[in-house]
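Before any comments, here is the structure.
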C-alpha cells in the first residue's frame, strides 16, 4: 500500500462557489440570487491574459469578489474552535505541461504543453490541512486511516534517505516531532476523500480535493 501525506495529496482544500443549501450559511459565503453560475471569463478580457504578476492577481481577485458580491476570504467552521481559512481564486487561462527545454528522459514524466481554462472562481485553502483539523474529523466521525488499519506505513529512513516500510507509524505518530498546526501526514487519497466528505457537511457545499490544474493555476 502506498502511503502519502495529506500535505502531498490534499495540499489545500477546494470549495466551490455555489448557492448554499442552508439558510444558516454565513452571508460572506453566499452568492446573490442574480449571480450567474457560468463563470467569469466573459466579464473581463484580462482573464485570458497569462502570465501575470502578483499585483495583477490581487486586482483579479478584487474584481471577482466585487462582481459576485462575495468575500475574498472565508473561514470554514469545523466545530469547537477549529477553523479552516480559504481564499477566493479567480478564473483564467494558462499553459500547462512540460516546456520543450525541460523534457524528461522518462516519457511518463512528460506532459505535452496545452492550454487550460479555469472557467469559474473557487475557494482554496490557504494552508495544508493540519493535524488539528484532521484530528477534529477523526474525533467526530470515529474514522480510522488506512495506515492505522494496515499497521504499517512507508516512511523516510534517515540513514538511506529512502522510503522504508515501518510498523507503528501513523498520522498521530509519524516518526518525527509535530504539533497540532503542522500538516497531517501518512494518510492516503481515500483518507483525504473521507475528510472532504465530512468537511462538505460542515460547509453545506461541495468540498473536494483540488485537481492538478487548480494547483498549477495557483502555483
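Okay, here's what the table says:
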quantity: Every residue from region 137-151 that is closer than 16 Å to residue 167 by Cα, touching a residue at least 40 places away in the same chain (Cβ under 8 Å) and in contact with a strand residue (DSSP E or B) (Cβ under 8 Å, 6 or more places away or on another chain); calculated: 145, 146, 147
quantity: Where residue 142 falls short, out of the listed (1) over 21 Å from the mean Cα position of the chain (by Cα); (2) surrounded by 12 or more Cβ atoms within 10 Å (Cβ to Cβ); (3) closer than 24 Å to residue 76 by Cα; calculated: (2)
quantity: Inter-residue pairs, beta-carbon under 6 Å, first free of Cβ contacts under 8 Å to residues at least 40 places away in the same chain and at positive phi and in region 49-65, second surrounded by 13 or more Cβ atoms within 10 Å (Cβ to Cβ) and assigned to a helix (DSSP H, G or I), 6+ apart; calculated: none
quantity: Residues of region 173-202 that turn out to be in contact (Cβ under 8 Å) with a residue 12 or more places away in the chain and either in contact with a helix residue (DSSP H, G or I) (Cβ under 8 Å, 6 or more places away or on another chain) or surrounded by fewer than 15 Cβ atoms within 10 Å (Cβ to Cβ) (or both), as a count; calculated: 20
quantity: Subset of region 203-219 that is part of a loop (DSSP other than H, G, I, E, B) and in contact with a helix residue (DSSP H, G or I) (Cβ under 7 Å, 6 or more places away or on another chain) - its residue that is surrounded by the most Cβ atoms within 10 Å (Cβ to Cβ); calculated: 209
quantity: Enumerated strands (runs of 3 or more DSSP E) restricted to region 89-188, each holding at least 3 residues that are over 30 Å from residue 49 (Cα atoms); calculated: 152-156, 163-167
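Read-outs: derived from the displayed coordinates by stated rules, not from any lab. As the structure is a prediction and not an experimental result, all values here were calculated from the model. Neighbour counts are summed over all protein chains in view; Cβ atoms, including those assigned to glycine, are modelled from backbone coordinates with ideal geometry.
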